[in-house]
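One structure is given below, encoded as structure tokens.
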Amino acid sequence: MHQDFAKRFGGKMMGPLPPNREASRLRIGYLSSDLHGHPVAGNMLPVIGAHDRAAFAIHFYSLGGWPDAATAQFRALADGWRDVGGMS
């Protein structure tokens, strides 16, 4: 599907998904600078925790902040984690 999308829309893609369990799950990515003790984190943790893990692969793209207990909770719920705070 990924390669078909690239052919159809001409976008530059990061490469196909690896042949593993994630290929059958919808990948959801969250980008935030508030994956720590912040009101946004307090509101989002229950939402993230309620995702059907058999149907969805959860990935976080963290723009930084101050890692703390809430950050650890997000990381524990993540199928993937990337620190992207230093990127433009």
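Numbers at a glance
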| quantity | calculated |
| --- | --- |
| Residues being assigned to a loop (DSSP other than H, G, I, E, B) and either open to solvent by less than 50 Å² (accessible area, probe 1.4 Å) or in contact with a Pro (Cβ under 8 Å, 6 or more places away or on another chain) (or both) - total across segment 72-88 | 4 |
| Answer residue from segment 31-43, given it is of a type in the set (A, V, I, L, M) and over 13 Å from the mean Cα position of the chain (by Cα) and is surrounded by the fewest Cβ atoms within 10 Å (Cβ to Cβ) among those | V40 |
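The values are calculated or read from the model by the stated rules, or taken from the named source; none is laboratory data. This one's a predicted model, so the numbers in the text were calculated from it and none came from an experiment. Note that we place each Cβ from the backbone using ideal geometry, even for glycine, and neighbour counts take in every protein chain shown. Each accessible area value is taken on the protein alone, full model and side chains, heavy atoms only, with ligands, DNA and RNA left out. Shrake-Rupley method; radii C 1.70, N 1.55, O 1.52, S 1.80 Å.
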